[in-house]
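Worksheet for the structure shown next.
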Amino acid sequence: CVHESTVNITDALKAKGMWDNTFMLYLSDNGAPNTGSEPGNNYPWRGGKGNFFEGGVRVASFAAGGYMSPSLHGQTLTSAMHIADVYTTFCRMAGRSEQECIDAPDGVPATDGVDYTGRFVNGVDTPRTEEIWLSHRALIQGNYKFIWTYEWEVLASHNGPVWPNANDEGLEADPNECYNADWTQRGCLFDLSADPEERVNLRTVDNERWWTMKNRLAQLNTGSFASELVGYDECITIDEYAAANQGHAGPLCSSPPTPPPPTTPVPT
């Protein structure tokens, strides 16, 4: 389905003379769930959907389009890219200024993303120097990742190359060494360059870096932002939305309008 639809879109853009000004980016939102009723396979990465091991956050992606540098055709970019960078990159590609791509509505922090236009358009694969805040539980700095987990988190396993299957062969039940009942001692440190499968916890080997990244993550967490979803209770079905929007899907729930404040009678 994805292959057929991509071919159709590509052919239509070329027929309209728009291909040379088109950039297409495909990426997954997260890795496959590797346990439970819908198991998937993230081999050779550890973990999967629902946690912040590489199997959950390191996903397949590819780019194409006439707007992309020909020198990149068939090549692999090795610099890390966060999904939050996609908006910033597309915004800049569309010709908006750097400030316009940062501005945000009142009450929302400025957009925090890195512009990858130079990498895709000019073919310059420069290493990313910015740290990547994956969540309140994981941080990447250079080649190193700090991550901590909850006691109940058992999705930290490695899949074999053939999984799922009719039994548990090919599933390594790794211990959750990133959890510690002592909050101050909770967390793992991995070198993603030397150990991309996250098998060797450097907690005791590089204790200074472990503490530095743990404290930095705590600092970044104080400035994190999450949208408030309270009040989004005016909902319709997907069929109703599609019927009203030429067959397209979209948000099914919205916040009801705020009623005007009550008026105070003017004394006469």
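The values are calculated or read from the model by the stated rules, or taken from the named source; none is laboratory data. Here the structure is a predicted model, which is why all the values come from computation and not from measurement. As a convention, Cβ positions derive from the backbone with ideal geometry for all residues, glycine included, and neighbour counts pool all protein chains shown. Each accessible area value is taken on the protein alone, full model and side chains, heavy atoms only, with ligands, DNA and RNA left out. Shrake-Rupley method; radii C 1.70, N 1.55, O 1.52, S 1.80 Å.
Please specify each residue of segment 51-73 satisfying the condition of being crowded, with 18+ Cβ neighbours inside 10 Å and within 20 Å of G17 (Cβ to Cβ).
The one that is crowded, with 18+ Cβ neighbours inside 10 Å and within 20 Å of G17 (Cβ to Cβ): M68.
Could you tell me which residue of segment 134-166 is modelled with the lowest pLDDT, considering only residues that are over 17 Å from R209 (Cβ atoms), open to solvent by 50 Å² or more (accessible area, probe 1.4 Å) and touching a Ser or Thr at 6+ places or on another chain (Cβ under 8 Å)?
Here the residue is V154.
Give the number of residues within segment 1-19 that are at pLDDT below 90 and in a loop (DSSP other than H, G, I, E, B).
Count: 1.
What number of residues within segment 228-243 satisfy the criterion of being open to solvent by less than 80 Å² (accessible area, probe 1.4 Å) and either modelled with pLDDT under 80 or assigned to a strand (DSSP E or B) (or both)?
2
Provide a single number: the residues in segment 20-50 that are in a helix (DSSP H, G or I) and either open to solvent by less than 50 Å² (accessible area, probe 1.4 Å) or charged (D, E, K, R) (or both). Steps first, answer last, please.
Going residue by residue through segment 20-50, those that are in a helix (DSSP H, G or I) are 20-21.
Among the residues that remain, those that are also either open to solvent by less than 50 Å² (accessible area, probe 1.4 Å) or charged (D, E, K, R) (or both) are: 20.
So the answer is 1.
Quick check: is even one residue across segment 49-70 in contact (Cβ under 8 Å) with a residue 60 or more places away in the chain, of a type in the set (S, T, N, Q) and closer than 26 Å to F146 by Cβ?
Yes, there is a match, as at least one residue in segment 49-70 is in contact (Cβ under 8 Å) with a residue 60 or more places away in the chain, of a type in the set (S, T, N, Q) and closer than 26 Å to F146 by Cβ.
Anything in segment 87-135 that is acidic (D, E) and under 19 Å from the mean Cα position of the chain (by Cα)? List them, or say none.
We begin by selecting, within segment 87-135, every residue acidic (D, E); these are 98, 100, 103, 106, 112, 115, 125, 130-131.
Correct list: D112, D115, E130, E131.
Looking only at residues in segment 74-101 that are in a loop (DSSP other than H, G, I, E, B) and either among the hydrophobic types (A, V, I, L, M, F, W, C) or touching a His at 6+ places or on another chain (Cβ under 7 Å) (or both), which one is surrounded by the fewest Cβ atoms within 10 Å (Cβ to Cβ)? Can you show your working first?
Restricting attention to segment 74-101, the residues satisfying the condition of being in a loop (DSSP other than H, G, I, E, B) are 74-84, 94-101.
If we keep only those that are either among the hydrophobic types (A, V, I, L, M, F, W, C) or touching a His at 6+ places or on another chain (Cβ under 7 Å) (or both) as well, we get 77, 80-81, 83-84, 94, 101.
Values: L77: 15, A80: 16, M81: 18, I83: 14, A84: 13, A94: 10, C101: 19.
This residue is A94.
Is it the case that segment 182-203 has a residue that's at pLDDT 75 or above, outside any loop (DSSP other than H, G, I, E, B), surrounded by 14 or more Cβ atoms within 10 Å (Cβ to Cβ) and of a type in the set (V, I, T)?
Taking segment 182-203 first, the residues at pLDDT 75 or above are 182, 184-203.
Keeping just the survivors that are outside any loop (DSSP other than H, G, I, E, B) gives 184-185, 188-191.
Of the ones still in play, those that are also surrounded by 14 or more Cβ atoms within 10 Å (Cβ to Cβ) are 188-191.
Pick out the ones that are also of a type in the set (V, I, T) and you get none.
Checked against the condition, which is being at pLDDT 75 or above, outside any loop (DSSP other than H, G, I, E, B), surrounded by 14 or more Cβ atoms within 10 Å (Cβ to Cβ) and of a type in the set (V, I, T), segment 182-203 yields no hits at all.
When both residues are 6+ apart or on different chains and their Cβ atoms are under 6 Å apart, which pairs have a first residue that lies in segment 225-250 and is farther than 27 Å from H136 by Cβ, and a second that is modelled with pLDDT of 85 or more?
What qualifies is G250/Y241.
Of all residues in segment 1-18, count the ones that are of a type in the set (A, V, I, L, M, F, W, C), under 27 Å from the mean Cα position of the chain (by Cα) and surrounded by 10 or more Cβ atoms within 10 Å (Cβ to Cβ). Quick ask: steps written out before the conclusion?
Within segment 1-18, the subset of a type in the set (A, V, I, L, M, F, W, C) is 1-2, 7, 9, 12-13, 15, 18.
If we keep only those that are under 27 Å from the mean Cα position of the chain (by Cα) too, we end up with 1-2, 7, 9.
With the extra rule that they be surrounded by 10 or more Cβ atoms within 10 Å (Cβ to Cβ), the set shrinks to 7, 9.
Here the count works out to 2.
Quick test for you: out of T111, T88, pick the one residue that is within 21 Å of L220 (Cα to Cα) and touching a Cys at 6+ places or on another chain (Cβ under 6 Å).
Details: T111 fails: touching a Cys at 6+ places or on another chain (Cβ under 6 Å).
Exactly one residue qualifies, and that residue is T88.
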